[in-house]
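Notes follow the structure.
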Amino acid sequence: MARVNPFRWSTRYQDDETDIVMYPRRPYSPSTGRFLCKDPIGERGGLNLYGFVGNDPIRRIDPLGLDYYIKVVKGACGVNHRVLVGDDGHGNCYELEIYPLVKKWYQEYRRFCGKGIIQYMPRTGSATNWTSGEGILKVEKHESTTPEQDEALAAKAKSLDNASITYCLGVQDCRAVEDCLLWGPVGQRISDQLQLLWDVILEQVKSPQ
């Protein structure tokens, strides 16, 4: 009965003579279990050019490559940690996170307030590929964006890599990673506001009475 209808479970035309499912971009062969054409985004999708979502279609999908997410992962000290995952507008994605800079035992106080750092990590494939898996508890937030916004946010995220900040629990901790990406770190925002206030004062002083 299935052979009577060439449009089967995947909603795409399947040719019984060649046993090929005709997807728009990449024809698929069920008998060999692989796509017959290379991934359109090349090695950005991984070293296996004939693969699909890292050979993990149960947990991963490959949509248009837009949006960013805030995921909650298991922290090193038993406290949940937030990581921002965003598409870069070119088929790949990145992760951005804030954490206290603790390298010695006597720096443990920095987990409450002290020197911190912003870290940027480029990733391959769509951001959705990095929102599930071992150690990931849930996706806390999902924001839809345009390709232009993705490109701009990715450039901003990359510029923040290894930026030194003041980590302060409840004020500027891992939960502030989205604000840091969109508006900049707290210190930078305060500096910008003070500069704006100073410019206004100078303008008022220089204006003719």
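The values are calculated or read from the model by the stated rules, or taken from the named source; none is laboratory data. Since this is a predicted model, take the numbers as computed values, not measurements. When we count neighbours, we look across all protein chains shown, and the Cβ atoms used for this are built from the backbone with ideal geometry, even at glycine.
Structure values in brief
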item	result
Residue under evaluation V139, criteria (1) assigned to a strand (DSSP E or B); (2) surrounded by fewer than 16 Cβ atoms within 10 Å (Cβ to Cβ); (3) out of contact with any Ser or Thr (no Cβ under 7 Å at 6 or more places or on another chain), criterion not met	(3)
Some residue of the stretch 157-173 being out of contact with any Phe, Trp or Tyr (no Cβ under 7 Å at 6 or more places or on another chain), surrounded by 14 or more Cβ atoms within 10 Å (Cβ to Cβ) and in a helix (DSSP H, G or I)	no
Any hit, the stretch 184-204, residues being at pLDDT below 85, over 18 Å from Y68 (Cβ atoms) and part of a strand (DSSP E or B)	no
Filter result for R25 (out of contact with any His (no Cβ under 7 Å at 6 or more places or on another chain), part of a loop (DSSP other than H, G, I, E, B) and either more than 24 Å from A154 (Cα to Cα) or at pLDDT below 70 (or both))	yes
Residue ID - farthest from the chain's Cα centre (by Cα), chosen from residues in the stretch 103-133 that are in a loop (DSSP other than H, G, I, E, B) and touching a residue at least 40 places away in the same chain (Cβ under 8 Å)	F112
Close pairs from the stretch 155-178: first more than 24 Å from C93 (Cα to Cα), partner loosely packed, with under 14 Cβ neighbours inside 10 Å and of a type outside the set (D, E), Cβ under 6 Å, at least 6 apart	L169/F112
Members of the stretch 139-153 that are in contact with a His (Cβ under 9 Å, 6 or more places away or on another chain) and over 21 Å from R82 (Cβ atoms)	P147, E151
